[in-house]
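The values are calculated or read from the model by the stated rules, or taken from the named source; none is laboratory data. Everything numeric here is computed off the predicted structure, so don't read it as measured data. Neighbour counts are summed over all protein chains in view; Cβ atoms, including those assigned to glycine, are modelled from backbone coordinates with ideal geometry. Side chains included, ligands, DNA and RNA excluded: accessible areas come from the protein's heavy atoms. Shrake-Rupley method; radii C 1.70, N 1.55, O 1.52, S 1.80 Å.
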Amino acid sequence: MPHLPDVVLWSVPAFVLLTVVEMVSYRLHPDEDAAGYEVKDAATSVGMGLGSLVFDALWKIPIVAIYAAIYELTPLRIPVLWWTLLLMLLAQDFFYYWSHRGHHVIRVLWACHVVHHSSKKFNLTTALRQPWTTWTVWPFYVPMVALGVHPAVVAFTSGANLVYQFWVHTERVGKLPRPFEFVLNTPSHHRVHHASQGGYLDRNYGGILIIWDRMFGSFVAETERPVYGLTKNIETYNPLRVATHEYAAIARDVRAADSWSERAGRIFRGPGWQPAAKRPGAVPAPAPSPTSAATSVEETVA
C-alpha cells in the first residue's frame, strides 16, 4: 500500500493561522460590503467541520471495503510515481467536478452538500462547514479505482483537493492575474459558486481547476457582488438542523406528494423542482364530466 501523508491533518495548523490572520484583517481594515465574520456563524462552521471528522470516519469503513473489493477485482495497476501522482490528481479533480455538479442538481445529493452553502457569511471558517453525510460522494470515484488507482491514493488526492479549496473561501483576496484566473479555481470564482443570485446559481464547480467549468459550460465570472447563502435560508445555528434540514424537507415533500412520479421527482430532480400542476400560476385541471368515465391522469413532470 502506498505510504502517503494525511494532507488534511498536516494542514490544520495552516488553517488555524490563516483564519486568525483573516479575522485580524477584518478588525484592522473593515469592509462594510463584505460578509465578514459573525461569532455564532463561525462557531457553527467549526462545529460542522469537527462533526464531519467523526462521521467521515464512520462512513469510511464501508467505503474502503467497497473500494478495496473493486481494486482487487480489476487487473489494472497504476504505480505511484511523481508523474503518475500528478495525473491522478488531475483525474481526481475531474471526477470531483462531476461529483460537485451532481450534488447541486440532484436533490438527494444536494441534501448532503447544502450544508456547505448554508452560511450567509463567506470566510475561511465557511470552508470548514462540511456535511456529515458524505456517503453520497464515493460512487463518483469508482472509475479511478477500477482503472487501477489504489484507494489510498484516491484518499490522498481527495485530501489535497480539499486542502487547496480552503484558501478560496475568502473575500480578502480580489482577482488574481488573468493566467491564474483562467486555469485555477480562485476566491473570485468560488465567491460566485457560493452566491444565491439567479445568474450565479449552480456555477463554478471546479475544485483545483476551473477549466472543467469552462469546458462543460458551467463557468460564470464574478461581476456583481455576491449575496451568500441559500435561496431560502434556514436561519439556524444548530449543527444538527444544519446537517439534516434538507433531508427533513425531502421527507415532508414525499409524504405530501400525490403520485409516485412526484415522489421520485422530489428525491431525484433538482432542489427547486415541482410538478407542473403545483407550480405558481398553474391552472387546476378541470373536474371530469359526470357523464364520462373517471380517469386518473398523472401530473406532467417537466
| message | Being assigned to a helix (DSSP H, G or I), open to solvent by 10 Å² or more (accessible area, probe 1.4 Å) and among the aliphatic types (A, V, I, L, M) is the filter here; which residues of region 152-207 pass it? | response | ALA152, ALA155, ALA160, LEU162, VAL163, VAL183
| Close pairs (8 angstrom Cβ cut-off, 6 or more residues apart or separate chains): over 17 Å from ARG172 (Cβ atoms) in region 18-47, part of a helix (DSSP H, G or I) anywhere | THR44/PRO239; THR44/VAL242; VAL46/LEU128; GLY47/PRO239
| query | Among the residues of region 32-40, is any more than 25 Å from the chain's Cα centre (by Cα) and surrounded by fewer than 12 Cβ atoms within 10 Å (Cβ to Cβ)? | reply | yes
| said: It is to be established whether one or more residues within region 229-248 are more than 21 Å from the chain's Cα centre (by Cα) and farther than 21 Å from GLY102 by Cα. | reply: no
| said: Being acidic (Asp, Glu) and over 25 Å from HIS245 (Cβ atoms): is that true of GLU72 here? | reply: yes
| message | Quick check on my filter: what residues within region 38-54 are closer than 21 Å to TYR26 by Cβ and hydroxyl-bearing (Ser, Thr, Tyr)? | response | THR44, SER45
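Yes/no matrix, rows are residues, columns are (1) more than 30 Å from LEU90 (Cβ to Cβ); (2) modelled with pLDDT under 95:
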| position | (1), (2) |
| --- | --- |
| PHE216 | no, no |
| THR236 | yes, no |
| ARG241 | yes, no |
| SER261 | yes, no |
| VAL283 | yes, yes |
| PRO286 | yes, yes |
| Any residue at all in region 80-101 that is under 20 Å from the mean Cα position of the chain (by Cα), open to solvent by less than 30 Å² (accessible area, probe 1.4 Å), closer than 24 Å to HIS194 by Cα and of a type in the set (Phe, Trp, Tyr)? | yes
| task | Residue by residue through region 173-182, note down the ones that are more than 11 Å from ALA221 (Cβ to Cβ) and in contact with a helix residue (DSSP H, G or I) (Cβ under 6 Å, 6 or more places away or on another chain). | result | VAL173
| request: Would you check if there is a residue in region 114-124 being touching a Phe, Trp or Tyr at 6+ places or on another chain (Cβ under 6 Å), surrounded by 17 or more Cβ atoms within 10 Å (Cβ to Cβ) and in a helix (DSSP H, G or I)? | output: no
| request: For ALA57, work out the one condition from (1) assigned to a loop (DSSP other than H, G, I, E, B); (2) at pLDDT below 95 it doesn't fulfil. | output: (1)
| request: Go through region 225-237 and give me each residue that's open to solvent by 70 Å² or more (accessible area, probe 1.4 Å) and over 17 Å from LEU176 (Cα atoms). | output: VAL227, THR231, LYS232, GLU235, TYR237
| message | Could you tell me how many of the residues in region 16-31 are open to solvent by less than 70 Å² (accessible area, probe 1.4 Å) and either within 15 Å of PHE166 (Cβ to Cβ) or part of a loop (DSSP other than H, G, I, E, B) (or both)? | response | 3
| query | Would region 80-97 turn up any residue that is small (Gly, Ala, Ser) and either outside any helix (DSSP H, G or I) or in contact with a Phe, Trp or Tyr (Cβ under 8 Å, 6 or more places away or on another chain) (or both)? | reply | no
